[in-house]
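Below is one structure; the comments refer to it alone.
No lab work stands behind these numbers, since they all come straight from the coordinates. All values derive from a computational prediction rather than experimental measurement. Cβ placement follows ideal geometry from the backbone for every residue including glycine, while neighbour counts extend to all protein chains displayed.
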Amino acid sequence: MRNIPQNVTQKANGVVYSCVSPTPETSDALIIAAVLAGDIDAYRLLVRRYSHRYVRFAVRMLGNHDDADDVLQLAFVRAYTNLAKCREPERFGAWLHQIVINECRTLGARRNRRELRLVRDDMVLAQLPSDESTSSHVENTDKLLRGNIQEALDQLDIAHREAFVLKYIEEISYEDMAHLTGAGISALKMRVKRASDQLRTALGGKIDGR
């Protein structure tokens, strides 16, 4: 694997890139340019930059680190092999997130629903919305966590789980969620509401606002 010297113009996949030797502070777009120009080692910078963020998401979707690590490795490989197709290199993180989401969906579809587990997260319950407002909070979170929270979370199908995690754990706007998932904003809002309603019902109506 070779390194690209600073300020050398390279041609990769029919596109001319002016590359610099990438560092941890280098932008995504310049790192991608370097990789496409032949500096394969530069891709490690993107792996280090996004691994922690997206393995956290995958763990919450799939319930364990082993599956999350597998999904993330597949996502990075898929991103690497399709790097030239990344139309907005400066938004590589969002593009990679789409790939991670798709890999989670694929694995989730292959697993029995009873095997799907979300990591318990106080923050999720603390931000669970009521019927009137998406900003209300859960009361007595600790008490609920000691009860049937895992079973309640386990009842969500993958689409509702995904929308709920993106909105209330990743704290992503509906506009960005739509871009990541390919679903419309109205549909996403409905998924989040239904997920919240299902959790609220399963938890015995102990949610603020009920």
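Descriptive notes on the structure:
- From phi via Karplus (6.51, -1.76, 1.60), per-residue ³J(HN,Hα) for the stretch 65-77 in Hz, x at Gly/Pro: 6, 4, 5, 5, 5, 4, 4, 5, 4, 4, 5, 5, 5
- Ordering 159-165, 82-88 by mean Cβ neighbour count within 10 Å, with the highest value first, yields 159-165, 82-88.
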